[in-house]
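The next block holds one structure in the form of structure tokens; read it before the comments.
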Amino acid sequence: MITIGFDTSNYTTSIACFDGIDGKNCSQLLPVRQGQLGLRQSDALFAHIKSLPVLSGRLFSDIDAGSIAGVAVSTRPRAVEGSYMPCFLAGISQASLLSDALHVPLFEVSHQQGHVAAALWSANRMDLMDQPHLAWHLSGGTTELLLIEPDGKNVKATKIGGTTDISAGQLIDRTGQLLDLPFPSGKHIDALSKEGRDKSLFKVKCPELEFSLSGVQNKVEQYHKEKSDPAETAGYALRCVAYAVLTATKNAQRMYPGLEVVFSGGVASNSLLRRVLEPIHPVFAQPQYSTDNAMGVAILAHRLLEA
């Protein structure tokens with residue numbers, strides 16, 4: 001039994017299959033012009049429409065249509081009222097068509113729920129799908145600390161902390177723009193930071209579970225003006241983010257004792273962040289399943305179909 005997942009976020013087009021044990025994810029970043037920080041929703045939607053046939057051809061080349069038992073699609077960023085982005089319409093359209101053509105069930109999930117499932121599967125911790133735990137969703141548009149609770153075969157994600165303004169991904173991409181790096185800048189900032197030697201940082205105030213990163217952007221710009229060293233600036237920005245996340249996580253572990261902490265989202269694939277967070281024994285998704293992908297959506301389809 002194979003299930004198919006579609007995810008058309010504001011950064012990546014992806015489609016995946018899952019057989020209950022293993023799977024395959026096919027993804028493609030949306031094209032962003034040098035110097036720009038993201039895409040308008042209309043441009044993102046058009047890019048998804050162009051990318052999906054290429055990715056589906058790659059995925060379905062080895063799949064027997066008769067083995068497909070269900071389809072799932074991410075229809076919104078988060079499973080909360082008012083959460084909506086037009087770019088998800090591309091995936092919804094294709095998933096609905098496939099479901100109707102094959103006469104198989106269609107399941108609707110959120111982009112965030114897909115991230116949680118992909119992270120746990122890639123970390124070999126699917127047991128946590130059925131247990132309360134803490135999770136960070138660190139991405140280009142989201143920096144949220146979540147309380148994850150089982151919801152049937154899916155999960156319920158309740159925001160309990162994170163940023164009060166710009167996301168970690170936005171800070172990293174703005175740092176990339178400052179350094180004339182391609183967008184999205186995460187992997188470029190990560191690679192560049194490894195060449196730096198300075199260990200200084202700006203300690204973000206985080207009395208409980210929330211913090212602000214807008215002030216960090218000003219600190220990064222000041223630091224770069226003084227140092228004029230791209231590698232050191234990249235490292236400085238990442239250390240500031242890592243310190244804020246580490247502080248909020250330690251506070252959460254005191255408030256929710258005994259709960260494990262899972263990290264997903266593109267920023268969670270950053271190597272410096274992973275090193276800084278090692279003392280709290282986090283559960284990390286494999287880097288390729290930290291970034292936007294449809295694997296978690298396909299996994300949820302399989303679980304919901306079994307139910």
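In 5 Å bins starting at zero, report the fraction of Cα pairs in the stretch 200-307 per bin as a rounded %.
2, 11, 17, 18, 17, 15, 10, 5, 3, 2, 1, 0
Quick one: dipole size for the stretch 217-307, taken about the Cα centre, charges +1 on Lys/Arg Cβ and -1 on Asp/Glu Cβ, in debye to the nearest 20. Provide the component values of the computation, followed by the final result.
Working: 9 positive and 8 negative charges, 49 e Å.
Value, rounded to 20: 240 debye.
Near Lys205, which lysines are there with a Cα under 29 Å away, not counting those fewer than 8 places off in the same chain?
Correct list for Lys205: Lys156, Lys159, Lys187, Lys194, Lys219, Lys225, Lys227, Lys250.
Tell me the net charge near Pro105. Cut-off is 14 Å between Cβ atoms, Pro105 excluded, with +1 for each Lys or Arg and -1 for each Asp or Glu.
Net charge in that neighbourhood comes out at -1.
Put +1 on the Cβ of every Lys and Arg and -1 on every Asp and Glu Cβ in the chain; which of Phe107, Gln253, Gly215 then has its Cα farthest towards the positive end of the dipole?
Gly215
In debye to the nearest 20, how big a dipole does the chain give about its Cα centre with +1 on each Lys and Arg Cβ and -1 on each Asp and Glu Cβ?
Roughly 780 debye, rounded to the nearest 20.
For the chain, what number results from the quotient of the Cα radius of gyration and 2.2 N^0.38 Å? The partial results should precede the final answer.
Numbers: Rg = 19.2 Å, N = 307, 2.2 N^0.38 = 19.4 Å.
Taking the Cα Rg and dividing by 2.2 N^0.38 Å, one obtains 0.99.
Could you tell me how many degrees, from 0 to 90 and to the nearest 10, lie between the Cα long axis of helix 214-227 and the main elongation axis, the longest principal axis, of the Cα atoms of the chain?
Taking the Cα atoms of the chain, the angle to 214-227 is about 60 degrees.
Return the Rg/Rh ratio of the stretch 114-223 with Cα-based radii and a Kirkwood Rh.
Values: Rg = 16.4 Å, Rh = 15.8 Å.
When Rh is taken as the Kirkwood radius, the ratio is 1.04.
What's the angle, to the nearest 10 degrees (0 to 90), between helix 88-102's Cα axis and the longest principal axis of the chain?
Helix 88-102 and the main axis of the chain meet at about 20 degrees.
With only Lys, Arg, Asp and Glu charged, each at its Cβ (+1 for the first two, -1 for the last two), find how big the charge dipole of the stretch 18-63 is about the Cα centre; round to the nearest 20 debye.
That gives the stretch 18-63 a dipole magnitude of about 300 debye.
Per the Debye formula with a single identical scatterer at each Cα and no solvent contribution, what log10 I(q)/I(0) holds for the stretch 91-173 at q = 0.12, 0.13, 0.21 Å⁻¹?
Relative scattering, expressed as log10 I(q)/I(0), comes to -0.46, -0.53, -1.00.
Please check: in the Gaussian network model of the chain (C-alpha springs, under 10 Å), which one of Val116, Val276, Val220 has the largest mean-square fluctuation.
Per the Cα network of the chain with a 10 Å cutoff, Val276 tops the list.
Hey, how much of the P(r) for the stretch 98-141 falls beyond 14 Å, as a percent of Cα pairs?
Within the stretch 98-141, distances greater than 14 Å cover 61 percent of Cα pairs.
Using amide H atoms built in the peptide plane, which far-off residues or other-chain residues are under 5 Å from Leu39 H to H?
none
What is the local net charge at Gly141, summed over the other residues whose Cβ is closer than 11 Å to its Cβ (Lys, Arg +1; Asp, Glu -1)?
Charge balance near Gly141 sits at -2.
So for the stretch 11-167, considering every pair of alpha-carbon atoms, how many percent are separated by more than 22 Å? Walk me through the intermediate numbers first.
Details: 5765 of 12246 pairs.
Result: 47 percent of Cα pairs exceed 22 Å.
In whole Hz, what ³J(HN,Hα) sequence does the stretch 113-123 give by Karplus (6.51, -1.76, 1.60; θ = phi - 60°), x for Gly and Pro?
Karplus values, whole Hz, x for Gly and Pro: 4, x, 4, 4, 5, 5, 5, 5, 5, 5, 8.
Select from Ala123, Leu277, Ser93 the residue farthest towards the positive end of the dipole of the chain; place +1 on Cβ of Lys and Arg, -1 on Cβ of Asp and Glu, and compute about the Cα centre.
Going by the Cα projections, it comes out as Leu277.
Could you tell me the ratio Rg/Rh of the stretch 1-75? Both radii from Cα atoms, Rh via Kirkwood.
Here the Rg-to-Rh quotient is 1.04.
If you consider only alpha-carbon coordinates, what radius of gyration and Dmax does the stretch 138-188 have, in Å?
Rg and Dmax of the stretch 138-188, Cα atoms, are 14.5, 46 Å.
Every number here is computed from the coordinates shown, using simple stated rules; none is lab data. Keep in mind the model is a prediction, meaning the values are calculated, not measured. Reconstructed Cβ throughout: ideal geometry from the backbone, glycine too, with neighbour counts over all protein chains shown.
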